[in-house]
Amino acid sequence: MGWQFPARRRAAGRERLLATAGAALLAAPDAAAVHRVAAEATAELLGLDAPAELARDLDLVPEEARAALESLRAQVTLALERADLAAEVARRASVDPLTGLANRTAFSRRLQEALGTLDGPPGPPGGPAPALLLLDLDDFKTINDSLGHSSGDEVLRVVAERLRGCLGPGDLAARLGGDEFAVLVPRVADEGEAVALGERLAAILRTPVTVSGREVLARASVGVRLARGGDEDPERLLRDADMAMYAAKTAGRAGVRVFDTAMHTRAVQRLDFEAALRRAVIRQQFTVRYQPVVELPGGRLAGLEALVRWDHPERGLVMPGEFVSLAEDTGLIVPIGRWVLHAACQAARDWQRRFPLQPHPFLSVNLSVRQLQQPDLLEDVAGALDASGLDPDQLMLEITESVLATDQEAKLERLVGLRALGVHLASTTSAPATRPWPTCATCPLTSSSWPSRSWTACSAGPRSRP
């Protein structure tokens, strides 16, 4: 027996009902809402007192209602497709496509929700709280550079899977970008529990990963920040965890550090120092000191080593140990090194004119890692020689052994280019009074004249880089 279609439901009424249902279906946020609207519209079309499932067998439906139900079914189908598409878009907007972990947007949202559970004033330092752990892979760039980005992507996927295996119920892991990951634990008993988790994550990531037939290490430094309520916000927590993570890197990598307020103080001081260093580069607030290099055993002046100093307007001369590391990190070492090279070459040529010693003492200038990575390095060196008139044979560029240990093709090509200019190349360690020479056959270091001599510096003062 079929349903009895109410006589009072005229065609105009059905059209109005379908229009109303269509608008509601368009506004439905998800599939569940679509089904709910469809059930209510079906009940109204059939004159039922309760929502009903959209009829699949239209033979049970009165003839005059079939067209309306067919139209409703078509609208519902379109609404479900839109809902599925919207759900997929929302999922993709919250998921990192490479690893399947949450992305930065989704992680920040969950972190905000976790902070929303912290009502009232900040809790005691040792009590339960949400914990944020920030992980950054150590030397990941080396993997990309040596094995390629596809191998790097595979490493990131393995790291993501290992992080998933360490999560407890309610925990969330995310890839924030590049080789940076984060873990949110909504509630830890105390700081010790968060540190223990960080150490467990760091230990798991120390296990080698096999990609492209090679075993590589994907170790990570971990920064920990606990939320204590009050005026905490996601950006501040991420910033603080980032400081703790870099403190772990500075302390030796593959370790765990917990944020403390002293880190923020140091970060602000570093920021101010970096701003002052940038101003110094623009205003050329540097000077070069020259350390004599004496040939043994005769005591002849063999050369001069250029040592940079920052002529700070308030602090006076600042030694390179205080600013060269920051200059390396920020890339400011490139313009500083370029300035030192030009100034030293000009000074050396001026001295040769004033003091015509034979043979001329050589000029030694340190070359930083960042400078060696610059594609216009050869033009810089050639320009300094041309502008000063210094003979290339009188210039020695010193490169640290750590640079030579990584025989990257681009670096070697630049070293070969420098030798072609006629300048000498030497390797050096951090020891101020010795000058070891490499035996690496692939490195185009000077193998005659300079290395055949023995010499010592007249002073044990700090060396420059550059």
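What to note about this one:
- Among the candidates Leu172, Leu135, the residue that is crowded, with 21+ Cβ neighbours inside 10 Å and either of a type in the set (Phe, Trp, Tyr) or more than 16 Å from Thr210 (Cβ to Cβ) (or both) is uniquely Leu135.
- Filter result (touching a strand residue (DSSP E or B) at 6+ places or on another chain (Cβ under 8 Å) and part of a loop (DSSP other than H, G, I, E, B)) within the range 305-328: Met319
One line per residue, one yes/no per condition, for (1) modelled with pLDDT of 85 or more; (2) part of a loop (DSSP other than H, G, I, E, B); (3) over 16 Å from Val334 (Cα atoms):
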| residue | (1), (2), (3) |
| --- | --- |
| Val381 | yes, no, no |
| Ala384 | yes, no, no |
| Asp393 | yes, no, yes |
| Val416 | yes, no, yes |
| Ser430 | no, yes, yes |
| Thr446 | no, yes, yes |
| Arg453 | no, yes, yes |
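- The listed residues are Arg283, Arg289, and the only one of them that is without any contact (Cβ under 8 Å) to a residue 24 or more places away in the chain, touching a strand residue (DSSP E or B) at 6+ places or on another chain (Cβ under 8 Å) and farther than 30 Å from Leu217 by Cα turns out to be Arg289.
- Enumeration of residues in the range 252-269 that are within 18 Å of the chain's Cα centre (by Cα) and either among the small types (Gly, Ala, Ser) or surrounded by fewer than 14 Cβ atoms within 10 Å (Cβ to Cβ) (or both): Gly252, Ala254, Gly255, Ala267
- So Arg91, is it at pLDDT 75 or above, under 55 Å from the mean Cα position of the chain (by Cα) and charged (D, E, K, R): no
- Lone unmet requirement of (1) modelled with pLDDT under 90; (2) over 20 Å from Gly252 (Cβ atoms); (3) surrounded by 19 or more Cβ atoms within 10 Å (Cβ to Cβ) for Val188: (1)
- Filtered residues of the range 154-178 (kept if among the hydrophobic types (A, V, I, L, M, F, W, C), over 18 Å from Thr105 (Cα atoms) and not in a helix (DSSP H, G or I)): Cys166, Leu167
- A residue that is without any contact (Cβ under 8 Å) to a residue 40 or more places away in the chain and within 15 Å of Pro392 (Cβ to Cβ) occurs somewhere in the range 357-368.
- Members of the range 160-206 found to be free of Cβ contacts under 8 Å to residues at least 40 places away in the same chain and not acidic (Asp, Glu), listed by number: Gly165, Cys166, Leu167, Gly168, Pro169, Gly170, Gly178, Gly192, Ala196, Arg200, Ala203
- Qualifying residue in the range 241-248 (condition: modelled with pLDDT under 95, out of contact with any His (no Cβ under 6 Å at 6 or more places or on another chain), among the acidic types (Asp, Glu) and not assigned by TED's automatic domain parsing to the domain that holds Val195): no
- Residue in the range 316-324 that is under 24 Å from Arg349 (Cα atoms), buried (at least 19 other Cβ atoms within 10 Å of the Cβ) and without any contact (Cβ under 8 Å) to a residue 60 or more places away in the chain present: no
- Index of the failed condition, Ala202 passing every other in (1) in contact with a Gly (Cβ under 8 Å, 6 or more places away or on another chain); (2) farther than 21 Å from Met243 by Cα: (2)
This table checks each residue for (1) part of a loop (DSSP other than H, G, I, E, B); (2) more than 30 Å from Arg239 (Cβ to Cβ); (3) in the same structural domain as Ala131 (by TED's automatic domain parsing); (4) in contact with a helix residue (DSSP H, G or I) (Cβ under 9 Å, 6 or more places away or on another chain).
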residue: Arg266; (1), (2), (3), (4): no, no, no, yes
residue: Ala280; (1), (2), (3), (4): no, no, no, yes
residue: Arg289; (1), (2), (3), (4): no, yes, no, no
residue: Val294; (1), (2), (3), (4): no, yes, no, no
residue: Gly298; (1), (2), (3), (4): yes, yes, no, no
residue: Gly303; (1), (2), (3), (4): no, yes, no, yes
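The values are calculated or read from the model by the stated rules, or taken from the named source; none is laboratory data. None of these values were measured; they are calculated from a predicted model. Neighbour counts run over all protein chains shown; Cβ positions are idealised from the backbone, glycine included.
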